[in-house]
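Participant: First the structure, which I've put down as structure tokens, then a few questions once you've had a look.
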Amino acid sequence: MSSAVQTEQERSRVRAHRRRQSKNWSLFLLFAGPNILLILAFIYYPLFSNMYYSTLDWRLGSSTATQIGLENYAAFFTSDSGLEVWRVTAIFTAGAVLGSMILGLLIALVLNKKIPGKTAARTAVFSPYVLSGVGVAMVWNFIFDPTRGGLSHILGFFGISSPEWYLNEDWSLFMVIIVYVWKNLGYCAVVFLAGLQSIPKDLIEAATIDRAGPIRRFVSVTLPLLTPTVFFLLVTNILFSMTNAFDILRTMTPTGHGTNTIIFEIYLQSFGAYQRAGYSAAIAVVLFFTLFFITAVQLRFVERKVHYS
Amino acid sequence: MSLTRSRTPKDEAQRRGIAPEQRDPKKQKLSKAERKQMRRGGWLDAFSRQNLADTILTGYLPIFVALIVIVLPLAWMVSSSFKPPSEIVTLNPTLLPQDPTVDNFGNVVDRVPLLTMFGNSIYVTVVGSSIKVLLAVTTAYALVFIKVPGRNFIFLGILVALMVPPEVSMLPNYLTITGLGGRDTLWGIILPGLGTAFGTFLLRQHFMALPKEMFEAAELDGAGHFRKLFQIAAPVSIPAIATVGLVTVVNEWNSFLWPLVITGSAEKMTLPVGLNLLQSVETQAGSYGILMAGAVIVIAPMLIIFAALQKYIVAGLTQGSVK
């Protein structure tokens with residue numbers, strides 16, 4: 001008798017639990033469902049459909065496509081134009097990352113001093129980072145103009161004639177790196193500044209008492225304690241420079257002559273003159289796995305190294 | 001970034017929207033007067049006789065150089081946008097326009113439907129950002145407070161999405177949106193970007209640091225999830241939501257690649273795409289004034305928003321760097 005009552009109670013408890021569970025689920029889907037659907041439809045689905053498109057020889061807009069297996073990948077890794085994209089991407093990434101990190105660190109070291117007005121300076125230095133890449137590139141297009149630009153006037157003052165920024169491929173690449181660094185260095189400076197301020201003052205003071213000069217203090221105390229910040233910036237900057245630079249590249253060098261990094265090539269191949277959608281999809285897949293690999297390396301190292309304090 | 005539920009003083013500071021350099025716990029113990037004294041002492045130190053040379057040579061001089069490099073291009077842009085063509089092509093340019101004119105802005109309006117583009121940009125930014133922020137808030141709330149099995153797995157799925165740059169999804173999304181009839185429409189520009197991983201991630205971290213007691217008290221009063229979200233969690237998280245919102249606004253306004261791909265007619269373009277069009281039309285040397293006027297129009301709004309609300313924007317954009 002009593003056991004029957006117990007099971008009855010148990011059953012109703014289970015039922016109540018199930019009811020609560022399903023009520024929770026419907027609430028969860030109401031709150032998170034739309035976002036999850038959007039992410040599935042516009043981030044995950046493209047990721048996998050790209051992998052399928054990448055095996056096709058297919059022109060954008062054409063209704064027929066031929067299966068060609070991994071030929072698109074082979075072409076990207078072996079053809080002259082594919083290797084040129086890798087070369088340009090490597091130079092652009094290295095220049096953009098090193099340039100903005102070194103200049104950013106120098107600015108951060110200066111802003112870390114106790115001087116009035118440094119907050120305003122920090123804001124000004126960071127500001128290009130939030131501006132439209134297209135707008136910024138238009139301004140620099142004017143500055144780099146070999147005959148009318150501000151830079152040609154400055155160089156002319158020193159008796160130097162302006163390089164052919166737009167005609168010579170190497171100068172073009174150098175030019176877009178300069179603009180990217182200009183836009184990005186404030187970000188690095190602010191992150192470095194936060195890293196510098198987290199270094200305990202007594203360590204620096206102790207080094208000063210031991211008669212370490214400013215350079216010795218920087219190399220032996222500041223820099224080692226700054227490695228987590230350096231590592232973080234290195235990774236984020238590589239990721240950003242591989243994906244965020246499109247607006248500058250496209251506005252300053254519309255044809256991509258000498259400046260077609262991976263991201264620019266994805267655009268040019270599918271929406272430029274060639275309309276090689278399959279090839280473009282293959283490059284997009286390669287880009288994704290490159291970024292995925294870099295992030296995975298970062299997560300692995302960050303877990304181990306960053307918690308030094 | 002630790003994914004576990006934790007409440008450190010830093011989380012606390014972040015919750016209240018305090019900038020990193022103000023978090024030093026030692027400073028908080030000092031009274032206001034003492035702090036003022038200290039700060040003034042620091043200022044005087046910087047200008048004391050033995051430090052003056054150092055302050056100028058390793059402080060102000062490099063800052064001055066950096067500011068020239070950062071500010072001069074923007075000043076040049078503003079100044080040139082008010083110059084007539086004769087002052088643009090001259091071999092002896094001056095920093096300030098000698099004969100200021102607003103013709104360049106009028107010319108931009110003549111060449112491209114500027115007001116329509118400006119309106120499009122505002123529409124896309126406002127509608128896109130509002131929906132994104134709302135979705136981020138509700139998703140983050142669901143992930144933290146609505147207990148369903150597998151929600152951590154769902155969160156992991158959102159984290160991975162954070163790693164996929166929109167450029168990678170460009171071609172398939174182009175086909176999807178074209179298939180839905182969204183080519184060359186404003187909703188076609190907005191829709192693919194609405195799923196938000198960044199905002200969800202940031203707000204989830206933030207919600208996890210909120211004190212449990214707040215919600216327990218509300219539950220005793222019989223509050224459901226809607227009331228807990230909109231009357232407790234959201235109001236106390238205004239700084240974090242503002243951070244997400246402002247970062248989203250900046251990104252939507254500046255967004256270029258997707259609107260470039262999905263729009264075709266000038267009437268549906270956002271400002272960055274329209275200005276790119278303007279640049280391909282205006283190829284004469286004298287037309288730099290017009291191009292600079294266009295650049296001012298796309299750059300100035302963000303510069304103003306940034307100047308006013310830089311604390312939140314910097315905090316949001318440098319997220320993850322300060323542990």
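Participant: Toward the positive end of the charge dipole of region B:112-281, about the Cα centre and with charges on Cβ (Lys, Arg +1; Asp, Glu -1), which of B:ASN173, B:VAL126, B:LEU210 goes farthest?
Facilitator: With unit charges placed on the Cβ atoms, the residue in question is B:LEU210.
Participant: Under the definition of partner shielding as Cβ atoms of other protein chains within 10 Å of a residue Cβ, what is the mean value for peptide B:93-105? Write down the numbers at each step before the final one.
Facilitator: Numbers: counts 4, 0, 1, 0, 0, 0, 0, 0, 0, 0, 0, 0, 0.
What the average comes to for B:93-105 is 0.
Participant: Considering only protein heavy atoms, what is the solvent-accessible area of A:GLU169 at a probe of 1.4 Å, reported in Å² to the nearest 10?
Facilitator: Answer for A:GLU169: close to 70 Å² accessible.
Participant: Taking each pair of different alpha-carbon atoms in region B:83-229 once, compute 1/r for the pair, average those values, and report the inverse of that mean as the Kirkwood hydrodynamic radius in Å to one decimal.
Facilitator: Numbers: mean 1/r = 0.0501 Å⁻¹.
It works out to 20.0 Å.
Participant: Report, largest value first, the span of the C-alpha coordinates of region B:228-272 along each principal axis, in whole Å.
Facilitator: Result, largest extent first: 45, 15, 14 Å.
Participant: For B:LYS212 paired with B:VAL109, estimate the spin-label separation in nm (one decimal), with each label point 7 Å from Cα along the Cα-to-Cβ line.
Facilitator: In this crude spin-label approximation the distance works out to 6.1 nm.
Participant: Tell me what the protein assembly as shown gives for mean residue ellipticity at 222 nm when only DSSP H runs of n ≥ 4 count, each as -39,500 (n - 2.57), the sum divided by the residue total, rounded to 500 deg cm²/dmol. Intermediate results must be reported in sequence, preceding the final value.
Facilitator: Working: 31 runs with 438 residues, N = 632.
Helices in the protein assembly as shown give a 222 nm mean residue ellipticity of -22500 deg cm²/dmol.
Participant: With the other protein chains left in place, how much accessible area per residue, in square angstrom, belongs to the protein assembly as shown at a 1.4 angstrom probe? Could you put the intermediate results ahead of the total?
Facilitator: On the way: 30540 Å² over 632 residues.
For the protein assembly as shown, the solvent-accessible area averages 48 Å² per residue.
Participant: Going by accessible area, probe 1.4 Å, with all protein chains left in place, what is the ranking of A:HIS17, A:HIS153, largest first?
Facilitator: Numbers: A:HIS17 95, A:HIS153 45 Å².
Of A:HIS17, A:HIS153, the descending order of accessible area is A:HIS17, A:HIS153.
Participant: Okay, next question. For region A:73-305, what is the relative contact order in percent, using Cα pairs closer than 8 Å and at least 6 residues apart in sequence?
Facilitator: Values: 230 pairs, mean separation 65.2, N = 233.
Value for region A:73-305: 28 percent.
Participant: In addition: Measure up A:LYS183/B:LYS132; A:LYS114/A:LYS183; A:LYS113/A:LYS201 against 18 Å on the Cα-Cα distance and list the ones that go over. Mind dumping the intermediate values first?
Facilitator: Numbers: A:LYS183/B:LYS132 26 Å; A:LYS114/A:LYS183 26 Å; A:LYS113/A:LYS201 12 Å.
Beyond 18 Å between Cα atoms: A:LYS183/B:LYS132; A:LYS114/A:LYS183.
Participant: Tell me: how much accessible area in total is hidden between A and B, 1.4 Å probe, Å², nearest 100? Can you show the working numbers first?
Facilitator: On the way: alone 19130 and 19430 Å², together 30540 Å².
Buried area (both sides, nearest 100 Å²): 8000 Å².
Participant: Working with all protein chains in place, sort B:TYR141, B:TYR312 by solvent-accessible area computed with a 1.4 Å probe, largest first.
Facilitator: On the way: B:TYR141 0, B:TYR312 65 Å².
Order by accessible area, largest first: B:TYR312, B:TYR141.
Participant: In whole percent, what relative contact order does region A:191-309 give with Cα contacts below 8 Å and a gap of six or more residues? Present the calculation step by step, with values, prior to reporting the outcome.
Facilitator: Values: 62 pairs, mean separation 24.9, N = 119.
For region A:191-309, the relative contact order is 21 percent.
Participant: Still on this model: I'd like to know which of A:LEU239, A:PHE142, A:THR261 lies farthest towards the positive end of the charge dipole of region A:73-305, counting +1 on Cβ of Lys and Arg and -1 on Cβ of Asp and Glu.
Facilitator: My answer, from the dipole projection, is A:LEU239.
Participant: Please report, in debye to the nearest 20, how large the charge dipole of the protein assembly as shown is about its Cα centre when each Lys and Arg carries +1 at its beta carbon and each Asp and Glu carries -1 there.
Facilitator: Working: 52 positive and 36 negative charges, 636 e Å.
For the protein assembly as shown, the charge dipole is close to 3060 debye.
Participant: What Kirkwood hydrodynamic radius do you get for region B:235-309 when you take the inverse of the mean 1/r over all pairs of distinct Cα atoms, in Å?
Facilitator: Details: mean 1/r = 0.0704 Å⁻¹.
About 14.2 Å for region B:235-309.
Participant: Here's something else I'd like to know. Using the Kirkwood radius built from alpha carbon pairs, what does the Stokes-Einstein equation give as D for chain A at 4 °C and 1.567 mPa s, in µm² per second? Could you put the intermediate results ahead of the total?
Facilitator: On the way: Rh = 23.8 Å.
Value of D from the Cα-based Kirkwood radius: 54 µm²/s.
Participant: Which Rg and Dmax, in Å, describe the Cα atoms of the protein assembly as shown?
Facilitator: So, for the protein assembly as shown, Rg and Dmax equal 27.0, 107 Å respectively.
Participant: Continuing with the same structure: Between B:SER130 and B:VAL236, what is the FRET efficiency for a Förster distance of 22 Å, r being their Cβ-Cβ separation, to the nearest 0.05? Intermediate results must be reported in sequence, preceding the final value.
Facilitator: Details: r = 20 Å, r/R0 = 0.92.
So the FRET efficiency works out to roughly 0.60.
Participant: Summarise the accessible area of the protein assembly as shown (1.4 Å probe, protein heavy atoms) by the percent that is carbon and sulfur. Numbers along the way, then the final one.
Facilitator: Details: 19750 of 30540 Å².
With neighbouring chains kept in place, the figure for the protein assembly as shown is 65 percent.
Participant: At q = 0.16 Å⁻¹, what is the base-10 log of I(q)/I(0) for region A:2-53 according to the Debye formula with one equal point scatterer per Cα and no solvent? Please give it to two decimals.
Facilitator: Here log10 of I(q) over I(0) equals -0.64.
Participant: Hey, another quick one. What does the charge dipole of chain A about its Cα centre add up to, to the nearest 20 debye, if the Cβ of each Lys and Arg holds +1 and the Cβ of each Asp and Glu holds -1? Please report the intermediate quantities before stating the final value.
Facilitator: On the way: 24 positive and 16 negative charges, 328 e Å.
Using Cβ point charges on Lys, Arg, Asp and Glu, chain A gives about 1580 debye.
Participant: For a Förster distance of 22 Å, can you work out the FRET efficiency between the beta-carbons of A:GLN67 and B:THR178, rounded to the nearest 0.05? Walk me through the intermediate numbers first.
Facilitator: Numbers: r = 23 Å, r/R0 = 1.05.
Efficiency at R0 = 22 Å is approximately 0.45.
Participant: Another one. Along Cα→Cβ, 7 Å out, is where each label goes; now give me the distance between the ones at B:PHE64 and B:VAL281 in nm to one decimal.
Facilitator: It is 4.4 nm.
Participant: May I ask you to derive the FRET efficiency for A:THR227 and B:LYS311 from their Cβ-Cβ distance with R0 = 25 Å, giving the value to the nearest 0.05?
Facilitator: Values: r = 28 Å, r/R0 = 1.10.
About 0.35, to the nearest 0.05.
Participant: So what are the radius of gyration and Dmax for the Cα set of region A:200-309, in Å?
Facilitator: 21.1, 66
Participant: Scanning chain A for helices, which whole DSSP H stretches are 30 Å or more long along the axis (Cα) and average 0.5 or more by Kyte-Doolittle?
Facilitator: On the way: long enough: A:2-39 (52 Å, -0.49); A:80-111 (45 Å, 1.62); A:169-197 (41 Å, 1.20); A:277-305 (41 Å, 1.26).
For chain A, where a helix must reach 30 Å along its axis and average at least 0.5, the hits are A:80-111, A:169-197, A:277-305.
Participant: What is the spin-label model distance, in nm, from A:ALA75 to B:SER86 if the labels are put 7 Å beyond Cα along the C-beta direction?
Facilitator: Placing both labels 7 Å along Cα→Cβ, they lie 5.5 nm apart.
Participant: Quick one: length gained pulling A:PHE293 to A:ALA206 fully straight, 0.36 nm per residue minus the C-alpha distance? Could you put the intermediate results ahead of the total?
Facilitator: Numbers: separation 87, 0.36 × 87 = 31.32 nm, distance 4.05 nm.
Computed gain between A:PHE293 and A:ALA206 is 27.3 nm.
The values are calculated or read from the model by the stated rules, or taken from the named source; none is laboratory data. Treat the numbers as computed from the prediction; the structure is a model and nothing was measured. For neighbour counting, all protein chains shown are included, and Cβ atoms are generated from backbone atoms with ideal geometry for every residue, glycine included. Note: accessible area is taken over every heavy atom of the protein model, side chains too, but ligands, DNA and RNA are not part of it. Shrake-Rupley method; radii C 1.70, N 1.55, O 1.52, S 1.80 Å.
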